[in-house]
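Step one of this worksheet: look at the structure below.
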Amino acid sequence: MSQALTQQDAGTQAVIDQLIAEFTRDLKSLPPEFLASIDDLEDVKSRMRSVLARASVRGYGDLIGPVYDLENTMKLLKVTTRAAISKQVKQHKLLRLTIENGESIFPAFQFAGRAVCEDVQQVLLAFGAADPFAVAQWFNTPLDGTTPLELIDQGQLARVLAEARSLAPGWQTV
């Protein structure tokens, strides 16, 4: 086994250990009667998994970061039908990528809590029917050293929107 792999495994284990320790501390701070009232542990585990994005889907993680699958995106957004997701995608309010096996994946960067970040939605609207893979990668590509996502976090939405509008005509898929 290579030393790099061993270091990666050690780093991964350190993150897992930290998460477990912090989660255990949080659970211990809850009232005992609340913990005793949890009767469906499988539901709790399912909900916990739904908030954890997959780090990589067949290499896409390197380009766009963590992603959610369709089922977990539906849970995250509290919608019960695929049609509700499709409607948001068609209205350019949600970024969906369809990978080679037909699976829908949704970049995690677009979510703020249990909703799509309003600033990201504005950028998606500016891009319109642009190629979703190009848009997803663009969000994570530095513009003069800073990614569009970082610029949004810094309050520079206008700059990001201007860049998106200038690129959108050349990226249209329809």
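The values are calculated or read from the model by the stated rules, or taken from the named source; none is laboratory data. Since this is a predicted model, take the numbers as computed values, not measurements. A quick note on method: Cβ atoms are made from the backbone with ideal geometry, for glycine too, and the neighbour counts reach across all protein chains shown. Accessible surface areas use protein heavy atoms only, side chains included; no ligands, DNA or RNA. Shrake-Rupley method; radii C 1.70, N 1.55, O 1.52, S 1.80 Å.
Side notes on the structure shown:
- Exclusive hit being among the hydroxyl-bearing types (Ser, Thr, Tyr) and closer than 15 Å to PRO66 by Cα, set SER104, SER166: SER104
- Residues in the stretch 63-109 that are open to solvent by 40 Å² or more (accessible area, probe 1.4 Å), closer than 21 Å to GLN172 by Cα and in a helix (DSSP H, G or I): LEU63, LYS87, GLN88, LYS90.
- Selection status of THR147, free of Cβ contacts under 8 Å to residues at least 12 places away in the same chain and crowded, with 16+ Cβ neighbours inside 10 Å: yes
- One residue stands out among those in the stretch 129-143 that are in contact with a strand residue (DSSP E or B) (Cβ under 8 Å, 6 or more places away or on another chain) and open to solvent by less than 20 Å² (accessible area, probe 1.4 Å): the one that is nearest to PRO66 (Cα to Cα), which is ALA136.
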